[in-house]
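First the structure, in the form of structure tokens, and then the observations on it.
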Amino acid sequence: MSKPSVTPDQITAKLNQPGPTLRSQPTDRLPAPTREQAMSLTLDQLRPYDRNPRTHHNPKFNEIKASIKAVGLKQKLTVTQRPGDDRYMISDGGNTRLTILNELYQETGDQSFYHQDCHFIPWQGEINVLAGHLAENDNRGQLSWIERARGIFEAKRMIEEDAGEAISQRELTKRLRGLGYTINHSHISKMLYTIEHFLPTLPLTLDAGMGKGQIEKLISYRQFCDECWTRCADYWIEHADDLGEGEHWANNVVDGDFALAWHEEMAQLDHEGQTEFRWNIVEDRLKGMLNEHTGLHFNPIDMAWKNWFTVRKYARAATDEERADIWTTVDSELERLHHPQERHLYPPKPDTSPGGSSSGKSSDPSSLPSTAKTSRGGSEPTGGDGELDPDDLTFGDGQSDLDPTQEPSPARGVPEAGGVGESVAMKQMRAQLEQLEQRNAELEAQTQRTPVAPQGGSFDDDWNDNAGGLLDTDGLLQEHTPQPTRSAEEQATIAADLTLSPHHETEGHRQLRHWQAKEHGEEAIDFEAAALKSVPLQDGGRVAPITDLWHVPTWRRNAQDLRMQIGEVVQVLASWAGVEASGSSEVIRLNARDGIGYELGPLEGAPSRRAQLVWQLLAGLEGNIDPVMPSDISLLGELVGSHGDNTEVRLPDGLFVRVFWLTRLIRVLRDVLNAEGDS
């Protein structure tokens, strides 16, 4: 049977029938690609990265804008797309360029700015985009310290959120390196410290652009204050059972909040537009904060401050023994505050109990000093030097100390003043008052005289006893090493030949040095006293004057102290030679804990002749000669100026003397190490 034919009308009817119903929603855009590719996009399809670590205006904005306006965009924008977003987002830097393109299009209407060829990368996650922006801006050097710190803090938060657990700083460094952003672990530590401790307190200063060097110094200041605060708090917690009601300030330390005290003190120094601190003001404010909250005197705080930063300078991490040495003055002050003793005042109060006797001098006339007994006959009591002696002010029976109504008997031969009878005691006290006023005027003129002992308590009496005569009978500081009397010729010799430039030493430090020497049965030597007696040299540099090329004080004959003295001389020599010498240097690394105080690394590159000679000299003292460097006797000859014609490598007089002092210190150190059984 033949197949029925289909007419054209039937075909047309079939074609006009409606198709199947669309069950999905229509879309007006294509989904994001799944691989990297080039794309042509308009400005309406692009958006900036909303979590860009840069928060400040790019300082080169106008320069970049002029370049794009003249020659167009030379580097394509890198874009990505968040899931569910209807626009493409800048990735790996480019927010500034996108802003400029929008401005140029609004100003000119040029379509070349509106349409842009972009490089698309598939979405990998928020942390990848943030790391890309950090790396791009960091490579261009366009981020401030606080901007980088904010970015690192946000990256850490994202990674921990994805991992569901906290990560260490080293792990964070490893994760960021895997994302293409390489940063030093120590920088991460300081940045997170900045966010936690400095940003809430110093937002204006940080946003103004405070740099890494300032941040590192501020971190060290806060760490010292934190350690000092904690040490005081731990002490009073340990002795909480011994505290009395009068020591309420100690409870404030135990219950206090160091972070709050730090914030309140430092917030007062935060100013808009400030990028650097005046560190002398910061140091004074922080010491005042510790004094106010811990009760410590300024002197032990100041000594601990100097010791802490000295140890930090020459050692990367202080040992327990070094830390104990740092806080010696603080611990002594805490003990004094914990065990205050009764002051020994004069005149002592008499014992008013029945049958009791005076706690001081006896009122029995037979026990009176001879000078006091003769004063009844008309002469005034005096000390051995002709001045009034307050210990000899005694009174007869029935005579009050300052009773103006009593008149002496004419038989005693006391003259009258102004026609009115005066008691012997009144005359004595008036004369003593005049002497004290004169002494007070002299002390006010001596503005540089500063006591080194803490104030209050019977510690003043102990200090007077231990100082071996540093204090006079009134408890006032005396000149312990009076200036020697010299002729004009001797003074000219000291000024012209022995003093390269003056070295200033505060009176407080000088007195402490003398006291420490006396504690070890020695006599401290001052430059003025030693001049023309030994081989001294005064040079106003960072190293104290040389007073003796042989004698090393007993209290400085320990390995750590000797290494620190060696490090000071080595640092001055290295500075003259143009070589870095510090606790972290790769060429000359100072070390106060091991060896002879320094360690040498290779002197690479094209070092100067000075650097070669100084390096080889230090290597010889260390016992490690580099055959490439000069090693014959001409080495020392060139340095001291007895060989060769190159005056540029001749040591200045100050360094010439210190080279001999350096060898003496190393010899003493080796003797100390041998005695201790060390290598």
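Only one of these is assigned to a helix (DSSP H, G or I) and within 28 Å of Gln45 (Cβ to Cβ): Leu176, Leu143, Leu104. Name it.
On the way: Leu176 fails: within 28 Å of Gln45 (Cβ to Cβ); Leu143 fails: assigned to a helix (DSSP H, G or I).
Leu104 is the lone residue from the list that is assigned to a helix (DSSP H, G or I) and within 28 Å of Gln45 (Cβ to Cβ).
Residue-wise test of (1) assigned to a loop (DSSP other than H, G, I, E, B); (2) closer than 18 Å to Asn137 by Cα; (3) of a type in the set (D, E, K, R).
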residue	(1), (2), (3)
Tyr49	yes, yes, no
Asn52	yes, yes, no
His56	yes, yes, no
Ile64	no, yes, no
Ser67	no, no, no
Ala70	no, no, no
Gln75	yes, yes, no
Thr78	no, yes, no
Asp85	yes, no, yes
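Output the helices (runs of 4 or more DSSP H) that fall wholly within the range 494-594 and possess 1 or more residues being under 30 Å from Ser608 (Cα atoms), or say none.
Result: 559-577.
Mind counting the residues in the range 584-595 that are under 14 Å from Leu573 (Cβ atoms) and buried (at least 22 other Cβ atoms within 10 Å of the Cβ)? Spell out how you get there, then give the answer.
Here is the first cut: in the range 584-595, the residues under 14 Å from Leu573 (Cβ atoms) are 585, 587-588, 590.
From what is left, the residues that are buried (at least 22 other Cβ atoms within 10 Å of the Cβ) are 588, 590.
Adding up the residues that qualify gives 2.
For the range 286-336, what are the residues that are surrounded by 21 or more Cβ atoms within 10 Å (Cβ to Cβ) and modelled with pLDDT under 80?
Passing the criteria: only Tyr314.
Please verify whether Glu63 is at pLDDT 85 or above, among the acidic types (Asp, Glu) and in contact with a strand residue (DSSP E or B) (Cβ under 7 Å, 6 or more places away or on another chain), treating the condition exactly as stated.
Values: at pLDDT 85 or above: yes; among the acidic types (Asp, Glu): yes; in contact with a strand residue (DSSP E or B) (Cβ under 7 Å, 6 or more places away or on another chain): no.
When the stated conditions are applied, Glu63 does not pass them.
Can you tell me which of Ser24, Ser40 is in contact with a strand residue (DSSP E or B) (Cβ under 6 Å, 6 or more places away or on another chain), small (Gly, Ala, Ser) and either at pLDDT 85 or above or loosely packed, with under 11 Cβ neighbours inside 10 Å (or both)? Steps first, answer last, please.
Working: Ser24 fails: in contact with a strand residue (DSSP E or B) (Cβ under 6 Å, 6 or more places away or on another chain).
Every option except Ser40 fails the conditions.
The values are calculated or read from the model by the stated rules, or taken from the named source; none is laboratory data. In this text, all values refer to a predicted model and were calculated from it rather than measured experimentally. Cβ: placed from backbone, ideal geometry, glycine included. Neighbour counts: every protein chain shown.
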